[in-house]
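Working notes, structure below.
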Amino acid sequence: MGWQHPYVNIFKHVRVEDWKRSAKEGDVSTYTDKRLKCSVFRIRGPVPANSYILVPKNSNQSLGLTGRYFYLLFRPTPGKYFVVHLDVSVEEGLVVRISFSNMFKEFKSTATWLQFPFLCLVGPAPTLVRWTCLMLDLQYTLSVYLNRCYSQLKSIKLCANMAVKNMFTSDLLLDPAKLMGLASSQGTGPIPRDMSYPVPKGGSWHDLYDYIRFPSEGTKLPFDSIQKGNPRPESSKYNPILRLNRIIGFGGATTKCALWSKSGDAVVYPCHAIIVSMKISSNQQRFFIGHTDKVSALAFNGNTTLLASAQTGNHSVVRVWNYHKGNCLAMFRIHAHSLSSLSFSYGGGILCGVGKDSHSKTMVVVWNTMNVSKAGEVTILAKAHTDVDIHTMKVAFFDDTRMVSCGRDNIRLWRVRNGTLRSCPVNLGEYHSLDFTDVAFEEGNSSNHMSEYHDFKICLCVCHVCLCLPGPSIAINSISVSSSFCATGSEDGFLRLWPLDFSAVFLEAEHEGPVSLVSVSSDSLQVLAATSTGNLGFLDVSSRGYNTLMRSHTDTVLGFSVDGIRHHLTTASSDGTVRIWNMDSLHQLYDFVSEDSPCSVAFHPSEQVFSCGFSSGIVRVFDISSAKLLAEHKYHRGEVVGLAFSPDGEFMYSADSQGSVALYNASEEDHNVIRVVCTERAPDALAVSSDSRCLAFIGPSEYIVTIADSQSLDELLHVDVSILDVQSPRLDSALRVCFSPASTEHLLVATSANKILWVSTKTGRLLREVSKVHKHQCSSLAVSEDSRFLLTAGHNAVKVWEYNMQLDINSQVMFIGHSQPIRQVSFTPDQLGVVSVGDAVFLWDFLAHPVDSLTDIQPDAEVSGVQLSSGMPRQTAPLPSSPPPPLDISSLDRFVCYAVLMFSLIQAAVAPQPGEEGIKLKAVIGYNGNGRGNVVWSPDQGLMAYSCGCVVVVEYLHTGSQRHLQGHSEEISCLAVTNDAQTVASAAGGNNGSRSLICIWDVQNGTCRNTISYHRGAVQCLTFSRDDRFFLSAGDFSDPEVALWSSKTFQLLSSVSVSGPIHDAAFSPSAASQLACVGSQGAYFCLINTHGLDVDLKVKDHRLVKAPAEVGDVELTALCYHMDSFLFTATNRGHVCVWDINTQRCFMTWEADEGEIGVLLCRGNCLLTGSNTRWLRLWEVEAVQGVKPQEKVCNGEDSGTVVVLEQEIMLDGTTVSAAFDNTMDMGIVGTTAGTVWYINWPDNSSIRLISGHKTKVNDVVFSSDERHFATCSEDGSVRVWSAPSNELVVQFQVLNQGCGCVCWSPSSSKERSCVAAGYSDGTLRIFRLSSSEMEMKLHPHQVAVTAIQYSANGHVILSAGKNGLVAVSSPMNGGTMRVIRDHKGAPITTIQCVHEQCKNFGLDGNEMWLAASSDRRVSVWAADWLKDKCDLLDWLTFPAPAYFGVPPPPSLAAFCPADPSLVVYTGYGVEKELSFYCLAKKQIIKKIALPDWATCLSLSCKSQLIAVGSKERVLKLIKSTSGRFQDFVQHSDSLQTCRFSPSGTLLFTVAYNEIFLWEVQGLTSVFETQTL
């Protein structure tokens, strides 16, 4: 069959177009596909069976194709069904039909027919289905599902509805995305060119087409459906999303199987249905997965390259593996059950197995495995049935045809000759009544003349040793012989080493249970031992040391709990033990044994405490560190089936099988019971919401889910799940409940009808449901902290679902490995892993990538606006498709008053005279992603301008220098630049209905040439005409008016009001008198009429042109001109419409994106689209000019004739601005993520130029050497920047957590320099700058961390939580050294540490630190951390009247840099002021009045300067000695942070996400500053 290599083009082989050797029926035709650019077959018909292509034509003929892999290049017809039938011959002469279709709902099989559902397209194919390359492994499919050997492909029948390019067979595993290269020795290679799909230059195959393999890539597990695999194998986000990392467990069916590798560095053993290979030096595990029941036998060949395994059960399966590669070479069934023994010959050519047949008679099978490595071929050499009992059977190492077996009352010698397996018994004489348990051959003698008596002598060792032991006989379970000694394992728990003459024991090791197996390594230096109690370890003969490799439960694991702080795992098992494990090393740390059977366990969220519920109804609480029983309660009548702590650690809950729920006070050591509630139903499912407010359980009946107050157990809501499905004939009952951590308004309920229900915790309303979750009932479910993923367990499988189920059938992936039903599954607290328990403990890696920020993962949140730090709604630029937000009349007066007050305060601020500023703006870090069209660029000048807050930043890309244009008092919404790049226009909204301000800037000298105001709302867009004569501005939805200005005088020339909001406007590039606007109502084509000095702007034909009907009810969101006569417009549903300017008629549309397109840009024949799906796409539109306007071209296949998607790049946010050169080769793009990107299309590259924070920045701090600074944000990111370049060095992102504070370690060495950050979940994380990795995670708090600081010497980290507790932690080991509770109940706002000898204050210590809390209290402490000393030095309390605002101004305190004995304080009080408190005199010695309450405070070590920020957006720079001050009002939002650098030469200020860096010049007497 050499002609079939490397592949057979089937259509070419049968000349399908001649229809002589092939047949067609029904509607079969050919057409030229636009994507493939070639002729393909189209098969259509309402009934698939009536329209088809059949190859070959006659049923008595055969294709005779022997290639293992079948490839089909096809595209299912959208909205239709299709069917494919393959008739395959097997070696026995039988014909088997393999069918797959999107009509099939489930897998079905008979002896001659396999039906696979095509799960990629269950039901009719979707509209956007792509061309697909499907590969079927015919050999594997027949072997796994029918236990038959594949022979050849006989015929193929392709039924409607589909398009087909071709099909072929090959023995090579071909890569459809690879066109060039040679076939490798592993049987892989590139796809033939005539069978490939075309890919445009620079494009990606996987972006255009689908590749589906069956079985899926990277597994040999049986699947019952054809599913779409990873479309991007090299760069997929989740491939796979779960990866088995480690297993805690040993045995299952047997504890008598464990093998050494030849090198002696690894041990191979079974753990239920999985085979584990463990490195003894590192405990690293790798797995052999494929068995569906417990593994009962293992065997290695002599050099350990081949591994054989057998599984127990009625239909035993034997697998042969390549040990080093881990792949399965062959799998075959034997008609036996309870396969108990396997033995390989030394060379691996013979495999022998022992089991029981259907009549429970012993059956021995010998296989020929000579060709298993090459072709996976295994044949039966001989088979025999016997009535004798066989425990063990081994192939002689010196002769592959000879075997020895032993069992009860017998030892037999076996031999294979002429296909027959015969045996003879050994005369045992006086030992004939003994039970022989194991057999071993003496090593070192490989003579073919070895006598059978010699073999018999070694077999007798088992019995002989029994007689040699003193006292009563002790059963020997296992024996292993090396060249120098013999090892035995006995029922008394001893591993013993003997000389070969068995004269005396020279070494022994005692175990906790009977030793079931011993095995000497090939170098005789180590002896492996296993016990029937699930322990596995080895004895080092030379050192006489013993190493435990694995301990395990001996029965089902009922439940677990994880201590995320210490990486400990506690498990409860039916074997009567509770065990605590180290999740990193897998070592068992503690073992609690009780006569009372444990049922459930739960770790305290922060302390080294866990609770355990028992079958007697007792709940016990243990302290692990002291191994002490803290509490014992018996309030339950039945077994304790539910146990949980609240996330804040304040309460504990337990539930029993008789229907009672108990509430405990977990904040006290004795865990007193607060309340017990009794129900009629056993609430065997407990769940506590992430905010610790609600408790959910099942009761009072099985149909009711109760949501109760977690602090009192008062019922809040009852949800009856039995009435949620009125169509069901059976009542549905609840099984499990789980809160969604990120959205506590979601409660998930698993039901007996195999559904998961999403229920609102507020109303009880059913929000969503998923059916057929598992084949069996769901036993456990869990939601990730960010609510992106859902875990479910059903029977033996774990499934990972997309929480929002947006991908329907593809939103879940199943993982198998357990051999028994899974009892519990959950994410680890750090969200990096998954734990599942049942037969054993499985630890999985969770490989989903974290999201970029919190705002990207809240699909169900109803967001009405971003909040200002002042609490008022943040005014974002209106998105094109967003209607104006509803106005709450009740709050209108309050909002107006606030706006007037803010405006008047800004006006009252004292700005310094030009040239006399005490600080000068040095750099702006960030970009305003709220704007639109607020990035402009001149490639010729190398000039880029963008907005950040109310500042226009002009950046020269060649030098990296910045110029700041300051004149606005509100956030800038858009920019425009003249074509000569000499003038920039910027627009910002007005306050309280005042008109927007438009500033005209001279780029060269940075001065404001003019200001104009016209629009009452925000300005939606600005643009200059091509000749720079005119300037256009368009108002937002509140004032939909277009204004035309003179670019010379900036006088208003004309204006036009329109009926709806305007989203975009543009001048014609060729006709100076033409312009167009688009908005919610449609498109406006406008003309500029000039009559002398009079200019008039009119809408052409006085009418609005609606969007074409074929795109539906849409809004036009963006526009751009193309050549002289065409206009491109975009819609909020992703369409691009092409208009003829002269006729104002849309003659073509196509779907360019799936979301709203907000940016359109055209240069020559290239069109750029940017949308809210984050895709930036480049289209070739040259052929548009060839379409006649009278010809209507709609979206669909026809559009492919005129527009081509050339390239695309996915960015990190919605595109809001774009500026490109005249050739569209390179450009600048701004996104809502606060980033600005440089795009180079020829190189298909993108570089991030500006990387601002998208959400609120909470802290900014310089390193001690001022070479770096760090920022942290609500989006969970910590960013480290270099100074003075202000470039981003590294970003550390934490999933779904806000980062509230950050600090630097005192060390100035880059190698030792670290950043510590505090997060909203109460954790601290330490990041090392030199390695750009997280070094340590600490969890000292249960609430959000509000302040963090290294001690002055760096020995400890002080952190404070929202609850007022201050934790002192070690940065070396992560332990919490002490907790200071003096401020408990009031959030800590400030922590500061300084070097200071405390002897002057009468205390020992070499540093001082202070903490300020929101209740206006400041504590000052003296500390010497190396001596573990920390004493209270002073306690300050500042009086204040009642405050009715929410929240009150913060309490701020700091040591005076020049004199640490002075503490400066400001906060809410009787007066707005700064107070200077002297620690030595114990009194306030000075006050400086402030006009506003301070929101941030920083003291400089240089020039006695104090920086104070306020909610009124004013930064006040004060000279502490004289009280002189200056005001700066450049920020567009309330200031929340200000921070001087260590040297005092630089100052950071932060307002929302705006970060300004100032150069400090100082306030001197020559400056005419004001005095407070």
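The values are calculated or read from the model by the stated rules, or taken from the named source; none is laboratory data. Since we're looking at a predicted model, the values are computed, not measured. Methodologically, a virtual Cβ is constructed for each residue, glycine included, from the backbone with ideal geometry; neighbour enumeration extends over all protein chains shown. Just so you know, the surface numbers come from the protein's heavy atoms only, side chains and all, with ligands and any DNA or RNA stripped out. Shrake-Rupley method; radii C 1.70, N 1.55, O 1.52, S 1.80 Å.
Some notes on this structure:
- Of the strands (runs of 3 or more DSSP E) lying entirely inside the range 270-380, those containing at least 2 residues that are at pLDDT 90 or above span 274-279, 285-288, 295-300, 306-311, 317-322, 337-344, 350-356, 362-368.
- Every pair of residues 6+ apart whose Cβ atoms lie under 6 Å, when the first sits in the range 76-88 and is on the phi > 0 side of the Ramachandran plot while the second is at pLDDT below 90: G79/P124
- Residue, nearest to the chain's Cα centre (by Cα), within the range 910-967, restricted to residues that are aromatic (F, W, Y) and open to solvent by 10 Å² or more (accessible area, probe 1.4 Å): W937
- Filter result for V364 (in contact with a Pro (Cβ under 7 Å, 6 or more places away or on another chain), open to solvent by less than 10 Å² (accessible area, probe 1.4 Å) and either at positive phi or in contact (Cβ under 8 Å) with a residue 12 or more places away in the chain (or both)): no
Each row is one residue, and each column tells you yes or no for (1) at pLDDT 85 or above; (2) more than 25 Å from L767 (Cβ to Cβ); (3) among the hydrophobic types (A, V, I, L, M, F, W, C).
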position	(1), (2), (3)
E802	no, no, no
L807	no, no, yes
S811	no, no, no
H818	yes, yes, no
P829	yes, yes, no
V837	yes, yes, yes
A840	yes, yes, yes
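- Residue in the range 689-737 that is modelled with the lowest pLDDT, counting only those that are part of a strand (DSSP E or B) and acidic (D, E): D720
- Meeting the requirement of 2 or more residues that are closer than 13 Å to V354 by Cα and touching a Phe, Trp or Tyr at 6+ places or on another chain (Cβ under 8 Å), the strands (runs of 3 or more DSSP E) wholly within the range 381-444 are 392-395, 402-407.
- Of all residues in the range 19-40, those satisfying the criterion of being among the hydrophobic types (A, V, I, L, M, F, W, C), farther than 12 Å from N161 by Cβ and surrounded by 17 or more Cβ atoms within 10 Å (Cβ to Cβ) are L36, V40.
- Filtered residues of the range 987-1037 (kept if charged (D, E, K, R) and touching a Pro at 6+ places or on another chain (Cβ under 8 Å)): R1026, D1036
- Looking across the range 1438-1458, the residues that are modelled with pLDDT of 90 or more and either under 20 Å from T1521 (Cα atoms) or surrounded by fewer than 20 Cβ atoms within 10 Å (Cβ to Cβ) (or both) come down to L1452, A1453, A1454, F1455, C1456, P1457.
- Filter result (of a type outside the set (A, V, I, L, M, F, W, C) and more than 12 Å from H633 (Cα to Cα)) within the range 654-672: D656, S657, Q658, G659, S660, N665, S667, E668, E669
- With a requirement of 2 or more residues that are open to solvent by 10 Å² or more (accessible area, probe 1.4 Å), the strands (runs of 3 or more DSSP E) lying completely within the range 1466-1572 that satisfy it span 1473-1478, 1483-1489, 1494-1499, 1515-1519, 1524-1528, 1535-1540, 1554-1560.
- Exactly one residue among V609, V601, V621 is among the β-branched types (V, I, T), under 30 Å from K1362 (Cα atoms) and more than 33 Å from the chain's Cα centre (by Cα), and that residue is V621.
- Some residue of the range 1335-1348 being aliphatic (A, V, I, L, M) and farther than 19 Å from S606 by Cβ: no
- Criterion: part of a loop (DSSP other than H, G, I, E, B) and in contact (Cβ under 8 Å) with a residue 40 or more places away in the chain - qualifying residue of N1005, N979, N1010: N979
- Some residue of the range 663-679 being open to solvent by less than 40 Å² (accessible area, probe 1.4 Å), outside any strand (DSSP E or B) and over 26 Å from S1320 (Cα atoms): yes
- Counting only strands (runs of 3 or more DSSP E) wholly contained in the range 1107-1146, the ones carrying 2 or more residues that are among the aromatic types (F, W, Y) occupy 1126-1131.
- The number of residues in the range 604-643 being among the aliphatic types (A, V, I, L, M), open to solvent by 20 Å² or more (accessible area, probe 1.4 Å) and either within 21 Å of R736 (Cβ to Cβ) or part of a loop (DSSP other than H, G, I, E, B) (or both) comes to 4.
- Residue check for D563: open to solvent by 30 Å² or more (accessible area, probe 1.4 Å) and at negative phi: no
- Among the residues making up the range 84-104, those that are modelled with pLDDT of 85 or more and among the charged types (D, E, K, R) are D87, R97.
- Some residue of the range 1093-1100 being assigned to a strand (DSSP E or B), touching a strand residue (DSSP E or B) at 6+ places or on another chain (Cβ under 7 Å), over 24 Å from R932 (Cα atoms) and β-branched (V, I, T): yes
For (1) part of a loop (DSSP other than H, G, I, E, B); (2) in contact with a His (Cβ under 7 Å, 6 or more places away or on another chain); (3) open to solvent by less than 20 Å² (accessible area, probe 1.4 Å); (4) farther than 30 Å from P1450 by Cα, each residue gets a yes or a no:
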| site | (1), (2), (3), (4) |
| --- | --- |
| G1230 | no, no, yes, yes |
| A1233 | yes, no, yes, no |
| W1237 | no, no, no, yes |
| R1248 | no, no, no, yes |
| D1259 | no, no, yes, no |
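- Near pairs, Cβ below 6 angstrom, 6+ apart or cross-chain, from the range 1267-1286 (over 14 Å from F1548 (Cα atoms)) to any residue that is basic (K, R) and open to solvent by 10 Å² or more (accessible area, probe 1.4 Å): E1274/K1256; D1275/K1254
- Contact map, the range 141-165: residues that are in contact (Cβ under 8 Å) with a residue 40 or more places away in the chain paired with residues that are assigned to a helix (DSSP H, G or I) and open to solvent by 20 Å² or more (accessible area, probe 1.4 Å), Cβ distance under 8 Å, separation 6+ or inter-chain. Pairs shown: C149/Q139; C149/S143; Y150/Q139; Y150/S143; C159/A49; A160/N50.
Per-residue answers, yes or no, for (1) out of contact with any helix residue (DSSP H, G or I) (no Cβ under 9 Å at 6 or more places or on another chain); (2) in contact (Cβ under 8 Å) with a residue 40 or more places away in the chain; (3) within 22 Å of L174 (Cα to Cα):
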| position | (1), (2), (3) |
| --- | --- |
| F11 | no, yes, yes |
| S22 | no, no, no |
| G26 | no, yes, no |
| D33 | no, yes, no |
| V40 | yes, yes, yes |
| Y52 | yes, yes, no |
| K57 | no, no, no |
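- Failed item in (1) surrounded by fewer than 17 Cβ atoms within 10 Å (Cβ to Cβ); (2) over 43 Å from the mean Cα position of the chain (by Cα); (3) in a strand (DSSP E or B); (4) touching a residue at least 40 places away in the same chain (Cβ under 8 Å), with N1400 passing the rest: (3)
- All of D1140, D1039 fail the test of being farther than 17 Å from F1024 by Cα and buried (at least 19 other Cβ atoms within 10 Å of the Cβ), apart from D1039.
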